[in-house]
Amino acid sequence: MTYEMTEKRRAELVRLSGQIGVSFYDLSLLDEALTHSSYTNEKKDAITHNERLEFLGDAVLELASSTYLYARFPDCTEGELTKMRASLVQSETLARLARQLDLGSYLRLGRGELLGGGADRQNNLENAFEAVIGAVYLDRGWETAQDYVARQLASEATLVRHSHVSHDYKTALQEHIQQKRHA
């Protein structure tokens with residue numbers, strides 16, 4: 001048996017694609033990105049869950065975020081960019097971005113996962129966020145995926161940069177005080 005997307009689901013995904021600013025050629029990729037393994041375990045139809053897209057999306061996210069930070073902050077060192085990227089793509093940040101996109105309401109979850117609050121679970125949201133990136137990449141290519149990631153990360157990158165800069169000043173001051181004490 002193969003999976004046939006309902007008109008209701010198709011309309012939901014078209015609405016979501018409009019929200020995220022990516023028009024999909026193949027909506028089944030977006031549908032797969034938003035399908036949790038618990039859902040596929042309960043269905044008899046041939047439905048694919050999002051774990052493979054999550055894997056791909058994670059790799060695309062790393063390269064796209066690295067490219068974005070490299071271009072946006074030309075004055076930063078490799079070490080600073082690495083710390084900023086780690087902060088930018090951490091689980092909490094990705095889940096927060098997924099919440100802003102309301103991805104949880106589009107997630108297809110198994111009954112137990114749904115009843116257990118899975119639509120707002122950090123891990124599920126982070127995975128869905130990455131899987132959507134993977135779907136964008138497969139459907140529309142690198143440039144669209146890179147642009148999508150840059151749009152999603154723009155506000156977070158500014159916060160990370162400000163946090164990183166203030167932390168660096170604090171660290172520098174602490175180091176300066178320590179040197180004065182030992183002199």
Provide a single number: the residues in the range 25-73 that are assigned to a helix (DSSP H, G or I), of a type in the set (A, V, I, L, M, F, W, C) and over 15 Å from GLY134 (Cα atoms).
2
Taking only the range 98-138 into account, find how many residues are open to solvent by 20 Å² or more (accessible area, probe 1.4 Å) and part of a helix (DSSP H, G or I).
16
Of the residues in the range 36-54, those that are at pLDDT 95 or above and out of contact with any Asp or Glu (no Cβ under 8 Å at 6 or more places or on another chain) come to GLU51, ARG52
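Yes or no: LEU107 within 29 Å of VAL160 (Cβ to Cβ), touching a His at 6+ places or on another chain (Cβ under 8 Å), of a type in the set (A, V, I, L, M) and touching a residue at least 60 places away in the same chain (Cβ under 8 Å)? Write out each step before concluding.
Numbers: within 29 Å of VAL160 (Cβ to Cβ): yes; touching a His at 6+ places or on another chain (Cβ under 8 Å): yes; of a type in the set (A, V, I, L, M): yes; touching a residue at least 60 places away in the same chain (Cβ under 8 Å): yes.
Yes, satisfied.
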Filtered residues of the range 1-58 (kept if within 15 Å of the chain's Cα centre (by Cα), hydrophobic (A, V, I, L, M, F, W, C) and open to solvent by 30 Å² or more (accessible area, probe 1.4 Å))
PHE55, LEU56
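The values are calculated or read from the model by the stated rules, or taken from the named source; none is laboratory data. Note that the structure is predicted; figures quoted are calculated from it, not measured. For neighbour counting, all protein chains shown are included, and Cβ atoms are generated from backbone atoms with ideal geometry for every residue, glycine included. Each accessible area value is taken on the protein alone, full model and side chains, heavy atoms only, with ligands, DNA and RNA left out. Shrake-Rupley method; radii C 1.70, N 1.55, O 1.52, S 1.80 Å.
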